[in-house]
Amino acid sequence: GRVAFVVDDVVSIQPLRVRCVEIRGRGEAVQADEAGLPSTAAGIDGALIRIHPERIISFGIDSPAP
């Protein structure tokens, strides 16, 4: 039931600039209609994992572009 969802990105190499978002919490399997989405929304086949976040970490998100 515990999940972590991480998205990281290298914005540029010269100068090195990275950004990241990490969300940790409890995961729950739901159907798209239970989440309030039509089952055809954005190619969703009906199965989703809802994250109930307990900890969110980010860096480099609000950094201005060089």
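Observations, loosely collected:
- Of all residues in segment 1-26, those satisfying the criterion of being surrounded by 13 or more Cβ atoms within 10 Å (Cβ to Cβ) and not β-branched (Val, Ile, Thr) are Phe5, Arg17, Arg19, Cys20, Glu22, Arg24, Gly25.
- Every residue from segment 24-66 that is outside any loop (DSSP other than H, G, I, E, B), modelled with pLDDT of 70 or more and out of contact with any Gly (no Cβ under 9 Å at 6 or more places or on another chain): Arg24, Gly25, Ala29, Val30, Ala47, Leu48, Ile57, Ser58, Phe59
The values are calculated or read from the model by the stated rules, or taken from the named source; none is laboratory data. All of these numbers come straight from a predicted model, not from anything done at the bench. All Cβ positions, even for glycine, are placed from backbone atoms using ideal geometry, and neighbour counts span all protein chains on display.
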